[in-house]
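Quick notes on the structure that follows.
The values are calculated or read from the model by the stated rules, or taken from the named source; none is laboratory data. Since the structure is predicted, the reported quantities are computational estimates derived from the model, not experimental observations. Cβ atoms come from the backbone with ideal geometry, glycine included; neighbour counts cover every protein chain shown. Side chains are part of the model used for accessible areas, which takes the heavy atoms of the whole protein and leaves out ligands, DNA and RNA. Shrake-Rupley method; radii C 1.70, N 1.55, O 1.52, S 1.80 Å.
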4 protein chains.
Amino acid sequence: MKELGVALIGTGFMGMTHAFAYRSASAMFPQIPKARLVVVADVTEAAASRAALQFGFEESTADWRRAIHHPAVQVVSITTPNALHKEMALEALAAGRHVLCEKPLAPTSADALEMLRAAQHSKVLTQVGYNYIQNPLLHLAREMIAAGELGEITDFRGIHAEDYMADSEVPHSFRVAKEGGGALADIGSHIVGLARFLLGPISEVYGQLETLVPSRPVARGAAERRAVEVDDVARLLLRFERGCGGSIQANWAATGRKMQLAFELTGTKGALVFNQERLNELLQYRTGQDPRTSGFVRIEAGPQHPPYGNICVAGGHQLGFNELKTIEVARFFEAIAGGAQNFPDFHEGWAIQAVIDAAVRSSADKAWVAIPQG
Amino acid sequence: MKELGVALIGTGFMGMTHAFAYRSASAMFPQIPKARLVVVADVTEAAASRAALQFGFEESTADWRRAIHHPAVQVVSITTPNALHKEMALEALAAGRHVLCEKPLAPTSADALEMLRAAQHSKVLTQVGYNYIQNPLLHLAREMIAAGELGEITDFRGIHAEDYMADSEVPHSFRVAKEGGGALADIGSHIVGLARFLLGPISEVYGQLETLVPSRPVARGAAERRAVEVDDVARLLLRFERGCGGSIQANWAATGRKMQLAFELTGTKGALVFNQERLNELLQYRTGQDPRTSGFVRIEAGPQHPPYGNICVAGGHQLGFNELKTIEVARFFEAIAGGAQNFPDFHEGWAIQAVIDAAVRSSADKAWVAIPQG
Amino acid sequence: MKELGVALIGTGFMGMTHAFAYRSASAMFPQIPKARLVVVADVTEAAASRAALQFGFEESTADWRRAIHHPAVQVVSITTPNALHKEMALEALAAGRHVLCEKPLAPTSADALEMLRAAQHSKVLTQVGYNYIQNPLLHLAREMIAAGELGEITDFRGIHAEDYMADSEVPHSFRVAKEGGGALADIGSHIVGLARFLLGPISEVYGQLETLVPSRPVARGAAERRAVEVDDVARLLLRFERGCGGSIQANWAATGRKMQLAFELTGTKGALVFNQERLNELLQYRTGQDPRTSGFVRIEAGPQHPPYGNICVAGGHQLGFNELKTIEVARFFEAIAGGAQNFPDFHEGWAIQAVIDAAVRSSADKAWVAIPQG
Amino acid sequence: MKELGVALIGTGFMGMTHAFAYRSASAMFPQIPKARLVVVADVTEAAASRAALQFGFEESTADWRRAIHHPAVQVVSITTPNALHKEMALEALAAGRHVLCEKPLAPTSADALEMLRAAQHSKVLTQVGYNYIQNPLLHLAREMIAAGELGEITDFRGIHAEDYMADSEVPHSFRVAKEGGGALADIGSHIVGLARFLLGPISEVYGQLETLVPSRPVARGAAERRAVEVDDVARLLLRFERGCGGSIQANWAATGRKMQLAFELTGTKGALVFNQERLNELLQYRTGQDPRTSGFVRIEAGPQHPPYGNICVAGGHQLGFNELKTIEVARFFEAIAGGAQNFPDFHEGWAIQAVIDAAVRSSADKAWVAIPQG
């Protein structure tokens, strides 16, 4: 397999990031199939054609179905608003396309489950765009945990906080309508996924979800306001299947925070501290060191943390956000070409959704909710 | 009032800290009555007399009642294990002594309430040894919140984590028996108190308490083990009376952490970040600044943050842990001499205990528990 | 001008970075001409052809002259060892190609001057690969200084320290022979260039250069050793033309440091602190703020710092090292297309070299050396 | 020896700190003689008597000679302006008193040498108040260096920067007159002393001293100005006797900096980073660790770093600035009582002065100046 034809649907923030990633992955990861940028779709011809020109796609269209069914396409990237993912993914899967869908998979876990079922009945691979998880240092973290280097894990304390919805005058949009999902679905899903990535399934959850801004103007500056139907802040207590407990917070009204995707994880033999604000650093503590000189070590990402070396041969030079997406694409392509399994796929996407759904339910019912394991 | 005679009961970690504080307070705060170190009590004559010599007390005794009733004594410091506080405090209050009692007031809120009632029926002042709260930067934080500089507060996320009980072979002791109280009572009480100090009463709580180490050896290295009856980790969801929500964690098995008494507090106009690991720093974010150059400001403690200037005339020179206790003593003495009200007193000590009790109950009942307001 | 044909010479660390940058620049900066990847040259056909396949060049060659003279080429990237830059650049300039040459321009300022003269006699543009300087936050720093926001600048204290030569068994190579240039030329040139970028010309310098490892094995593990002819550490005192003084250090044997390109800059109205280890952060202090809450602000890079927004629409998401090179290429292409002037060009490359030469001379002569202004 | 009678001369910032230290040392260090606070002297009777009351001295006087000669006095603390140190120290030494003199010993090394000679001819001990050096973590640093844990030391890069003279309208005073000594003498002496403490004698120095503020008002707000005769910024290149090079900067006009006494120290097997802004932390890097998880370790001060445990039994609780002075006094008293030798004494005080004098001369002569070894 020398190349894979790509269709990109959606050209906003995430569409742009996907396009960058496809271009870079081909150059940074010589072992994977080249990405052939076949076709890009957007809501208007003009937008699509502008994107094609900018990102280097061969064709453009306002008809996303045409993009999916283009004969040169084997991979479809879906970067549209959450509520549109399902229809597009089902169409792409039915057409036998590998699907890279942005997160969260869908507004509800029921929808996500439908997508998962379709994926399971197909012969293609799926990927969900939780790209922070592709960080080489987080793979190191996972390996250390799996190898028992931190002992038995006793606590996970995670957060994803940003402030893009802090201003009560940010207008109403799909984001704050029921189908948007709220802070927990939009960004909390990252830390939920990260918790699962590091520690495995979450078995039950207790949630406290809050809407801080009850209504938002229909447009910037408008007098008319519409009710917000989702959470601005979510606080979750967790129980993992492996036994340990934890907590997670999501907050998109966290004044001053731009990218606080962070966690502290404690084990009987060590601890880890991470913050996406400094994505090239991981702090580690290990028991059993000389007490005079023990403490948290600041590990800097370098070629000793694959696949950092594909992106830069010198340590400490710093990967960027876009390059996490590049790694995501590279791992997906590698899996398509028969290499190591990619992660996270639609099953994982659904599983994350199931945690979120359970948390929403828990908050309404004021009771711990068990999470279905797929 | 030129001086106040002091009796110190207990000469361990906290007893030592009290002794240091009394000696320093007299020199650093010329406006308060001098501390006359009258008598120190410990379980043996030898220990008490050694302490008297070391700390400069005039007399020593193995009889704490004698210390309380010493005619030259007006203030009694109680630094014994938690389960002993009540009896001593009641005796001291009955004897008309002002009482500075270490935290937590008592193993249960019922006991704490009894102490509070006694205090209310006395004519003396009380103080509880939550000394971290005396940090000039936390007083700044409280003032900023009260003045509305951070807007409406929307979230509080606090933690107190240390690792002194992380090793499962730390022997069994009063700490891990029912009357000890567990991680939440022992250190979580600090962050509960801090949350109240900054944001006012907590109206309800949901708790998840866990025992990580089910049994501990009866002595270092012993084969025989005894069951642990308290929590090693506690995770709390909160609702404050003012409306905002929050979360708190306590963990005395947090491998690698020595003093993570920390919080992040978000308001609609700003945010604060604090960590006792760097007690002379407070991070503040403010909305409405030039976006090119806005961000979290690292405020360093200095004479502009009273009473820092009593301790050091130059900013950035760093206060130490012991000096927070010195401030505590100074504020208590000032109040006794008729100055500004001291804080936290037995009412506050009881109120913190009530939150902890509610959390324990909540964890058992798996239900939100309303907190009685005194 | 719709596209620019690129020839890349050299495919090592920097060659790879250039290739990544050309691919990304076309997608991230729609306003600039597209990069057409015409031809890549390396020392062997095999290496060149492998690179062409990986990076997407149309052709490959082992003859760098052929690459330069390829009729579809307008821009030549030179990423070979320093000692080869001059010959290649002169050839490319003579052929009327725009030249992007890696830093430092040449082992000596005499060579760099020859390159500068050739550039001045050509009609093309030149660029030198000091990509760290393209950081949006450093452009903010420069603007603030230029606008007087920091008052009169009174001190600059810079360093570039890494540890890739710390091990005395790293084999001898061109790097440590006379023509390599040493730590000051190799990495110190970055901080010299940055000092000039922020504060303008350096008028005189006093240098203390040291060789820490006097000889190195001819190959990894070999018994035979060859003398090191260059500095491992360089310490410089500076006088800027604008009047202020400063100091700079270069060290490629700085055990533990991977990317400490850092400075502190003081003015009468403020100060800046930067470290490439956290390239998305700039600390700023301003006088005249409320003393209770003043301190260093941690500014996080975001779309308010152009051209960050071309690379990512959301603040705090973190640019990476490669993206600084992308910005470099984009600004060069923009200038070629008639846009704003690019920086740093061969004149600047020579000027940096002149500072280094003066420092080397100063260290030998133990005297302040005035720096020729071109 | 059960107690030592103390006379304190001067009750400003440093006098206050000494008083605090004497009071605390007696309680924190049971093994040393008690400090009996005999007499305090200040320029007026009123000031002295107020200080006696505040700090707990038995007597007060406006006659410093009387204080020295008080029959109950064995130790004299000198905390007056630099230019007065010599006369007082000579008197105290002649009277057979142990002398703790604030830093720097004297405005010139000639004066310091005279004081040293007097000390050498006496039978008493001397101490100079460079208290930052008493930090338990810096003693750890010194031990690690001495034990070869960092390999051969190859670089020292130090700074002491504060901003108390940054404002050009701070009035003229003894500080900025010739006898004051300038930024290098006032605060640079701390980092010079620290460099010597860690690495041993400095053999030669090259200095660049600058006056940033040429004149200052005779009083706050006054129109009349007087010329500043000393350096505001000093930049030094160093050669240590052990062979390694280094650099030091002093700056008392470093806008925004309150206590940047900091250094980075590199060896072939490791590195250390320290900043007095966070005095309870020391960063250490070690070669030879697993590359996946190596990096700088943040060591937090604790009881494993003597004498931290005398001050607080729990790690991570944070020592304060005043407690470094307490350790200084304790070590001095211990030495007087026949224990381990104290440091730094008048010989060291003179040696630091000699480095500063050499730097001043070097800056004037623009030549490296060898430093006399006592």
Checklist line | Among (1) more than 30 Å from B:G12 (Cα to Cα); (2) more than 14 Å from every other protein chain (Cβ to nearest Cβ), the one test that D:G5 misses | finding: (1)
Notebook entry, point to check: For B:G151, all conditions in the list (1) in contact with a Leu (Cβ under 8 Å, 6 or more places away or on another chain); (2) not in a helix (DSSP H, G or I) hold save one; what is the number of the exception?
Noted result: (1)
Note to self: Please count how many residues of region C:289-306 are facing another protein chain (nearest Cβ under 7 Å) and surrounded by fewer than 19 Cβ atoms within 10 Å (Cβ to Cβ).
What the structure shows: 4
Notebook entry, point to check: Inside region D:91-150, can you point out the residues that are in contact with a strand residue (DSSP E or B) (Cβ under 6 Å, 6 or more places away or on another chain), within 21 Å of D:V360 (Cβ to Cβ) and of a type in the set (G, A, S)?
Noted result: none
Checklist line | Residue under evaluation D:R292, criteria (1) in contact (Cβ under 8 Å) with a residue 40 or more places away in the chain; (2) in contact with a Leu (Cβ under 9 Å, 6 or more places away or on another chain); (3) not small (G, A, S), criterion not met | finding: (1)
Margin query: Restricting to region C:254-271, name every residue that is open to solvent by less than 10 Å² (accessible area, probe 1.4 Å) and facing another protein chain (nearest Cβ under 7 Å).
Written below: C:A254, C:T255, C:G256, C:M259, C:G267, C:G270, C:A271
Next item on the list: Could you list all residues from region B:349-374 that are closer than 15 Å to B:T126 by Cα and either of a type in the set (G, A, S) or assigned by TED's automatic domain parsing to the domain that holds B:N82 (or both)?
Entry: B:G349, B:A351
Item checked: Among residues of region C:239-252, those that are open to solvent by 10 Å² or more (accessible area, probe 1.4 Å) and either over 22 Å from C:A147 (Cα atoms) or among the basic types (K, R) (or both), counted -> 3
Next item on the list: Could you pull out the residue among B:G182, B:G207 that is under 23 Å from B:A351 (Cα atoms) and away from chain A (no Cβ under 11 Å)?
Entry: B:G182
Check: How many residues are open to solvent by 10 Å² or more (accessible area, probe 1.4 Å), closer than 22 Å to A:F20 by Cβ and not charged (D, E, K, R) if we restrict to region A:101-132?
Finding: 3
Margin query: Quick check on B:Y285: is it within 14 Å of chain D (Cβ to nearest Cβ) and modelled with pLDDT of 95 or more?
Written below: no
Checklist line | Segments classed as helices (runs of 4 or more DSSP H), wholly inside region B:18-131, with at least 1 members that are under 22 Å from B:D345 (Cβ atoms) | finding: B:64-69, B:82-94, B:109-120
Item checked: Cross-chain or 6+ apart pairs with Cβ under 6 Å, region C:212-229 first and within 15 Å of C:R175 (Cβ to Cβ), then open to solvent by 100 Å² or more (accessible area, probe 1.4 Å) and part of a loop (DSSP other than H, G, I, E, B) -> C:V218/C:E224; C:E229/C:K178
Note to self: Quick test for you: out of B:L105, B:L100, B:L90, pick the one residue that is in contact with a Gly (Cβ under 8 Å, 6 or more places away or on another chain), at pLDDT 95 or above and assigned by TED's automatic domain parsing to the domain that holds B:I78.
What the structure shows: B:L100
Notebook entry, point to check: Just one of the numbered conditions (1) in contact with a Gly (Cβ under 9 Å, 6 or more places away or on another chain); (2) buried (at least 21 other Cβ atoms within 10 Å of the Cβ); (3) of a type outside the set (G, A, S); (4) under 21 Å from A:A330 (Cβ atoms) is not true of A:V176; which one?
Noted result: (4)
Check: What is the residue count in region C:312-327 for residues that are in contact with a Phe, Trp or Tyr (Cβ under 8 Å, 6 or more places away or on another chain) and surrounded by 23 or more Cβ atoms within 10 Å (Cβ to Cβ)?
Finding: 9
Notebook entry, point to check: Within region C:262-289, how many residues are in contact (Cβ under 8 Å) with a residue 24 or more places away in the chain and more than 17 Å from the chain's Cα centre (by Cα)?
Noted result: 15
Next item on the list: May I ask you to list pairs of residues, at least six apart or on different chains, whose Cβ atoms are under 9 Å apart, with the first in region B:72-85 being over 28 Å from B:M1 (Cα atoms) and without any contact (Cβ under 8 Å) to a residue 12 or more places away in the chain and the second being among the β-branched types (V, I, T) and surrounded by 22 or more Cβ atoms within 10 Å (Cβ to Cβ)?
Entry: B:L84/B:I9; B:L84/B:I78
Item checked: Verdict on D:V39 being assigned by TED's automatic domain parsing to the domain that holds D:D111, in contact with a Lys or Arg (Cβ under 6 Å, 6 or more places away or on another chain), over 29 Å from B:G302 (Cβ atoms) and surrounded by 23 or more Cβ atoms within 10 Å (Cβ to Cβ) -> no
Notebook entry, point to check: Quick one: is D:R286 under 27 Å from C:A234 (Cβ atoms) and open to solvent by 20 Å² or more (accessible area, probe 1.4 Å)?
Noted result: yes
Margin query: Taking the conditions exactly as written (more than 7 Å from every other protein chain (Cβ to nearest Cβ), buried (at least 19 other Cβ atoms within 10 Å of the Cβ) and closer than 22 Å to C:M16 by Cβ), does C:F274 satisfy them or not?
Written below: no
Next item on the list: Determine, yes or no, whether A:G309 is within 14 Å of chain C (Cβ to nearest Cβ), open to solvent by 20 Å² or more (accessible area, probe 1.4 Å) and farther than 26 Å from A:G188 by Cβ.
Entry: yes
Item checked: Matching residues, region D:4-29, being under 27 Å from B:M16 (Cβ atoms) and at pLDDT below 95 -> D:S26
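Looking at the structure I just gave you, is B:A185 open to solvent by 10 Å² or more (accessible area, probe 1.4 Å), more than 30 Å from B:G148 (Cα to Cα) and either in the same structural domain as B:A354 (by TED's automatic domain parsing) or among the basic types (K, R) (or both)? Outline the logic, then answer.
Working: open to solvent by 10 Å² or more (accessible area, probe 1.4 Å): no; more than 30 Å from B:G148 (Cα to Cα): yes; either in the same structural domain as B:A354 (by TED's automatic domain parsing) or among the basic types (K, R) (or both): yes.
In short, no.
Conditions (1) at pLDDT 95 or above; (2) open to solvent by 10 Å² or more (accessible area, probe 1.4 Å); (3) within 11 Å of another protein chain (Cβ to nearest Cβ); (4) over 17 Å from the mean Cα position of the chain (by Cα), marked per residue:
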{"position": "B:L140", "(1), (2), (3), (4)": "yes, no, yes, yes"}
{"position": "B:A146", "(1), (2), (3), (4)": "yes, yes, no, yes"}
{"position": "B:Y164", "(1), (2), (3), (4)": "yes, yes, yes, yes"}
{"position": "B:V192", "(1), (2), (3), (4)": "yes, no, no, no"}
{"position": "B:R225", "(1), (2), (3), (4)": "yes, yes, no, yes"}
{"position": "B:V228", "(1), (2), (3), (4)": "yes, yes, no, yes"}
{"position": "B:L237", "(1), (2), (3), (4)": "yes, no, yes, yes"}
Margin query: Restricting to region C:16-31, count the residues that are surrounded by 23 or more Cβ atoms within 10 Å (Cβ to Cβ) and either more than 8 Å from chain A (Cβ to nearest Cβ) or touching a residue at least 60 places away in the same chain (Cβ under 8 Å) (or both).
Written below: 8
